[in-house]
1. How about the stretch 175-225: which of its residues are assigned to a helix (DSSP H, G or I) and of a type in the set (G, A, S)?
2. Which condition number in (1) small (G, A, S); (2) at pLDDT below 95; (3) crowded, with 18+ Cβ neighbours inside 10 Å; (4) not in a helix (DSSP H, G or I) is the one that G68 fails?
3. Pick from N9, N55, N39: which is more than 11 Å from P88 (Cα to Cα) and touching a Leu at 6+ places or on another chain (Cβ under 7 Å)?
4. Which one of the conditions (1) closer than 20 Å to Q219 by Cα; (2) part of a helix (DSSP H, G or I); (3) aromatic (F, W, Y) does Y30 fail to meet, given that it meets all the rest?
5. Given (1) part of a loop (DSSP other than H, G, I, E, B); (2) not assigned by TED's automatic domain parsing to the domain that holds I7, identify the lone condition not met by Y141.
6. Residue by residue through the stretch 153-174, note down the ones that are of a type outside the set (A, V, I, L, M, F, W, C), surrounded by fewer than 19 Cβ atoms within 10 Å (Cβ to Cβ) and touching a helix residue (DSSP H, G or I) at 6+ places or on another chain (Cβ under 8 Å).
7. Taking the stretch 204-222 only, how many residues are under 26 Å from I63 (Cβ atoms) and buried (at least 23 other Cβ atoms within 10 Å of the Cβ)?
8. Which residue pairs have Cβ atoms under 9 Å apart, sit 6 or more places apart or on different chains, and have a first residue in the stretch 49-66 that is closer than 17 Å to C19 by Cα and touching a residue at least 60 places away in the same chain (Cβ under 8 Å) and a second that is among the small types (G, A, S) and surrounded by 14 or more Cβ atoms within 10 Å (Cβ to Cβ)?
Amino acid sequence: MQFTVQIINYLTAAYLEICLDSLLAAAKGYDVEIVVSDNNSGDPDYPALASKYSNIAFETNEINLGFGAAHNELAKKATGDYLVILNPDIIVPETFFQKLLLTIETNPEFGAIGCRMINGSGTFLKESKRGIPTIWNSFCYFSKLSLLFGKSKVFAGYHVGWIPERALSVVPVLSGACMVLSKSTYLNEGGFDERFFMYGEDIELSERLLERGYKNYYQGGLTVLHYKGRSSAQKAESIKYFYNAIWVYWKIRLGISKDGIKTSKFKGVSGSKESILSRQKEEDQKRGANKQIEIGTDMGYAQVIEYIETNKDSGIVLTKMGCSWALSPTGKLPKFGEN
C-alpha cells in the first residue's frame, strides 16, 4: 500500500463527501487506503455517508479524543507506507498523489510534506508554510508588521513570506490540514503530541522533525482547496483551543510541561450538535450562488480549484450525481445528499 489517507470527522459529513469524491478521483492508478474516524460528534449524516462508500473504512470513537490523538490511533493501524493527514473540508486535484509521490521520490530526506492551500474564495492561505513561532515572529504577526513587510526575513518570519507561494522549498513548519509523512517516521517520532487537543500539534511535530534532522518540504506546485474552519465547529470554542494550544506549546518549549497526555483544559466542544449545525446553516444562508458546475462534465476537481482561484468566485455551486455544494469560505447550502 502506497498511501493511507487519514481524516477525522466532527460534524463535517457534508464537506467530507466531496473531499472523499476528490480523493477517489485522484487515487486512480495508485494504491491508496482511505480511513475516516468520527470523533464522537454525533454527526447525523455520518452513518449515511459511511454506507455510501464501500471502499472506504469508517470508524467512530467512543469519546472525542482530540485531533492529534485520533490521528495517532489511525496511524497505528494504517497499511500505507505514507500517511496523508487531511482535513475533511479539503478538495484535492486529480494530480494529488502523483505530485506527492514525485516530491517524496526526489526528496528522500523529507520529514513531512505540505502543499499550497487556498480557501473557498480563491485566497492563498498563508498558514500553508510557516516559520517557528518565536516571540519575535509572533509579535511581528500579531502587530501586523509582517503585513507591512511581507517578504522581509526580519519581519515576515511567521509565514516565511520571502518564500514564493508556488515554490518547492524547505520550511520550518507545515499545516496539519494537509500533511504527508512516512508511516515509519510518524510512528518512530511519536506522532502528534497528545497534550494538544486541537491546534498547535502540527507546529510541535514540525519542529520535532527538524530537531531530529529531517527536512520539511512545502510543495507550492500542488494546490488544494480548503474551506477552512468547518472541522473546528464553533468560533468561540476554536478561539479557546487556539489560545490553549499557545499555552501548551510554550510550556513544552520552556520545559514546564513534561507530563503525560492531555494537559489541555478544554475537552470537547461545548455546544450541542444542534447548535453547531444551526450556526453552520445560518452562515451558509448568508451566501448566494450564481454559477453551477457539474463535476466530471463541466470541470474536474483540479479545474474547479483553478477556476476558484482565477476568478475569486465564492458564489458557485458544484454538482455531482444529484448532490450539490456551494463553494465559499464557509459553505455548503444543501444538506448531505440533497439535490
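1. Across the stretch 175-225, the qualifying residues are S184, S206.
2. Going through the list (1) small (G, A, S); (2) at pLDDT below 95; (3) crowded, with 18+ Cβ neighbours inside 10 Å; (4) not in a helix (DSSP H, G or I), G68 breaks only (4).
3. N39
4. Single failed check for Y30: (2).
5. The one condition Y141 does not meet is (1).
6. Within the stretch 153-174, E165 is the sole residue that qualifies.
7. Total satisfying the criteria: 1.
8. L49/A13; L49/A14; L49/G337
The values are calculated or read from the model by the stated rules, or taken from the named source; none is laboratory data. This is a predicted model, so every value here is computed, not measured. Counting neighbours? That spans all protein chains shown, and the Cβs are built from the backbone with ideal geometry, glycine included.
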